[in-house]
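These notes concern the structure reproduced below.
The values are calculated or read from the model by the stated rules, or taken from the named source; none is laboratory data. On a predicted model such as this, the values are computed, not experimentally measured, just so you know. Here the Cβ is made from the backbone with ideal geometry for all residues, glycine too, and neighbour counts use every protein chain on show.
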Protein chains: 2
Amino acid sequence: MTAPHDFSIRCVGTGSYAPETVLTNQDIEQRMDTNDAWIQKTYGIRERRVASPTQQVSDLSCEAAKRALDAAMLGPEQIDLIIHASINNDVRVPATACIVQGRLGCDEAVAFDINLGGCPNTAFALTTAIKYLDGVRFKRALVICTEIYSKFINWSYRSSACFLGDGSGAVVLETGPGGGPLACDLHTAGSQYAEVVWAGGGTRQVDPEEQTPIINGRVVWDFGHRVVPEVIRTVIASAGFEVDDVDFFIFHQANINMIRNNMAALGVPPERTHMNNDRFGNTGGASSLIALDEAVRLGKIPPKSRVVLCSYGAGLAWGAVLFEYRGR
Amino acid sequence: MTAPHDFSIRCVGTGSYAPETVLTNQDIEQRMDTNDAWIQKTYGIRERRVASPTQQVSDLSCEAAKRALDAAMLGPEQIDLIIHASINNDVRVPATACIVQGRLGCDEAVAFDINLGGCPNTAFALTTAIKYLDGVRFKRALVICTEIYSKFINWSYRSSACFLGDGSGAVVLETGPGGGPLACDLHTAGSQYAEVVWAGGGTRQVDPEEQTPIINGRVVWDFGHRVVPEVIRTVIASAGFEVDDVDFFIFHQANINMIRNNMAALGVPPERTHMNNDRFGNTGGASSLIALDEAVRLGKIPPKSRVVLCSYGAGLAWGAVLFEYRGR
């Protein structure tokens, strides 16, 4: 649905951060029964980043957030809302959003965590920020999606360990006078919750060796090819546009083959998207925000671009947001 | 702020569930160095419920949700939005909201998790639902707050283990034509995130023995006495009412002494609130929804009552929501 506002909400800054430590496919070959050629062919991944033993979720988040605030030319006290999305947190209590709020000095903000099981987080976090942004109490939102998967991966289980990576992405959304392109569409199909499960960390006790993502690959492959073009077409239509009116498309960076197929289905040429999962792997909800930030910094997304971002995965859950990258 | 809608949002059903197993103060005395008299004097707690080894967060949530749907006389397919709030989940992936969606058969809903570190969850979950409810795509929301603390407690650490309990509360919010009382106010002070910390379960590695809530009691005591009357007065004023215009007050059930002091500060007589932490302890975000459900079922909150609910705790975070309990 289009936002029922007489003001616009636009993205005025992006930031991202990935840990310095690079884990290549060759490194992965040492740890489990797999090989570089298979990983590249299957996922398009050459390497990924992994957090150091002392790096926590909030460390990555603060770094990405600072870069987004710098890009937006805003001080921390100008942020009214912080939404943090991650399947993992530093600790059980408090919310990571509050830790980030405190560390950044966003003293005027309301901060909370949301979660959709990782990969789908981005569209849900952005949409929730859009729902709160009213131009009165909430004028500017900092949305951060972060994952540290490496600390919870069973490195002997080849089909999941090799495609995940650690990282964080952040955006600043700002309200302003006048209209502007904005649309969101979210979906969850909890009837299929068992198709992507990462046991552990919760009340369901499982053997440590089983604490690794178990993904029904066939179902997720079909799901991704079905819902991504569908939800992207829905947000574009609900904003009154055609696919050709959208300047740039940001896809969840799970699998390069799926992204290419979905671009073909939508008729999106290569110059209107940005892919980086060869260097980062699948960083969950962070992936599309890292791709967005890179594309902005590379000049691929100039100010006043219409952008569609789509995220999807466990839940099953999927969503897309159409917004203006306004920049500064 | 008051909702900028030309329709109202009201509570049409409540439900709650607590595990059958009762753990009395006498049972606690066997596990650690404490005693019944001290627990009763300090917190007002006589007993609490604890989940069985096979009960997961989603089990409690589904039970509370079913009771709320029954009270609202709605089928699962009539729910458009599920917001689930808990510091713990069944598993890392998927979101508990999606598991609950799937198990209840709420096939038309969008479902996601939010978290504010436990106790404050209620006001944040309700407010987030209110932000989404637009009367178009989102007409009815199921909001569920659940905690299973018992599986993560260090039972030898007296000052936290004795005041927590497991449980779940749920409400159905519904949009309808015409105006109605509605106001929300949320706050977080992340600069004080270190005042309530429960390490463990996340990326920050800690010794299993340290995985227990560490609370700066003095700070939280002062905080609770300061922010609760303040935020309650704010929501009442922003809806255009006085304290005497509110029919019923629901407080987070952390500490009976703090509730009594805050009632005195606000001038709320005993017949306009309901306390049950003597039987359930502090069930985090679930506590005020369990109290709400009990008060409704006891006839203390008749249909068309104006209710204020306040939750607060780790973050530090606090919030209040003023709404109409419409019933059926």
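Are any residues in region B:144-160 assigned to a strand (DSSP E or B) and touching a Leu at 6+ places or on another chain (Cβ under 7 Å), and if so, which ones?
Hits for region B:144-160 are B:CYS145, B:THR146.
Restricting to region B:201-219, what's the tally of residues that are under 23 Å from the mean Cα position of the chain (by Cα), modelled with pLDDT under 90 and of a type outside the set (Ser, Thr, Tyr)?
Number of matching residues: 4.
Tell me, please, whether a residue that is touching an Asp or Glu at 6+ places or on another chain (Cβ under 7 Å), free of Cβ contacts under 8 Å to residues at least 60 places away in the same chain, within 23 Å of A:SER156 (Cα to Cα) and within 14 Å of chain B (Cβ to nearest Cβ) can be found in region A:219-234.
No, because not a single residue in region A:219-234 is touching an Asp or Glu at 6+ places or on another chain (Cβ under 7 Å), free of Cβ contacts under 8 Å to residues at least 60 places away in the same chain, within 23 Å of A:SER156 (Cα to Cα) and within 14 Å of chain B (Cβ to nearest Cβ).
Can we say B:GLY313 is more than 24 Å from B:ILE153 (Cβ to Cβ) and either within 14 Å of chain A (Cβ to nearest Cβ) or crowded, with 20+ Cβ neighbours inside 10 Å (or both)?
Judged against the criteria, B:GLY313 is not a match.
Take region A:84-105 and flag every residue that is more than 7 Å from chain B (Cβ to nearest Cβ) and either out of contact with any His (no Cβ under 8 Å at 6 or more places or on another chain) or surrounded by fewer than 24 Cβ atoms within 10 Å (Cβ to Cβ) (or both).
A:HIS84, A:ALA85, A:SER86, A:ARG103, A:LEU104, A:GLY105
Examine region B:40-49 for a residue that is over 21 Å from B:ASN276 (Cβ atoms) and within 21 Å of the chain's Cα centre (by Cα), and state whether such a residue exists.
No: region B:40-49 contains no residue that is over 21 Å from B:ASN276 (Cβ atoms) and within 21 Å of the chain's Cα centre (by Cα).
If you check B:ALA314, B:ALA286, B:ALA320, B:ALA254, which single one turns out to be under 22 Å from B:PRO120 (Cβ atoms), at pLDDT below 95 and aliphatic (A, V, I, L, M)?
Every option except B:ALA254 fails the conditions.
Restricting to region B:10-60, name every residue that is surrounded by 16 or more Cβ atoms within 10 Å (Cβ to Cβ) and within 14 Å of another protein chain (Cβ to nearest Cβ).
B:PRO19, B:VAL50, B:ALA51, B:GLN55, B:GLN56, B:VAL57, B:SER58, B:ASP59, B:LEU60, listed by residue number.
On the given criteria, is A:PHE152 within 9 Å of another protein chain (Cβ to nearest Cβ), on the phi < 0 side of the Ramachandran plot and at pLDDT below 95?
Taking the combined requirement at face value, the residue satisfies it.
Can you tell me which of (1) touching a residue at least 60 places away in the same chain (Cβ under 8 Å); (2) over 28 Å from B:ASP134 (Cα atoms); (3) out of contact with any helix residue (DSSP H, G or I) (no Cβ under 7 Å at 6 or more places or on another chain) is the one A:ILE148 doesn't meet?
(3)
For the condition of a type outside the set (Gly, Ala, Ser), at negative phi and out of contact with any helix residue (DSSP H, G or I) (no Cβ under 9 Å at 6 or more places or on another chain), what is the one hit in B:ILE87, B:ILE130?
Result: B:ILE130 is the single residue among B:ILE87, B:ILE130 that is of a type outside the set (Gly, Ala, Ser), at negative phi and out of contact with any helix residue (DSSP H, G or I) (no Cβ under 9 Å at 6 or more places or on another chain).
Looking at region B:175-281, what helices (runs of 4 or more DSSP H) fall wholly within it and have at least 2 residues that are over 26 Å from B:TYR17 (Cα atoms) and of a type in the set (S, T, N, Q)?
Filter on region B:175-281 gives B:217-238, B:256-266.
Being closer than 26 Å to A:ILE148 by Cα, of a type outside the set (Gly, Ala, Ser) and either crowded, with 24+ Cβ neighbours inside 10 Å or under 21 Å from the mean Cα position of the chain (by Cα) (or both) is true for just one of B:LYS151, B:LYS131. Which residue is that?
B:LYS151
Just need a number here: residues in region B:161-174 that are among the aliphatic types (A, V, I, L, M), more than 12 Å from chain A (Cβ to nearest Cβ) and assigned to a strand (DSSP E or B).
Count: 4.
Any idea which of (1) buried (at least 23 other Cβ atoms within 10 Å of the Cβ); (2) over 26 Å from A:GLN253 (Cβ atoms); (3) more than 9 Å from chain B (Cβ to nearest Cβ) is the one A:LEU126 doesn't satisfy?
Here A:LEU126 meets the rest and fails (2).
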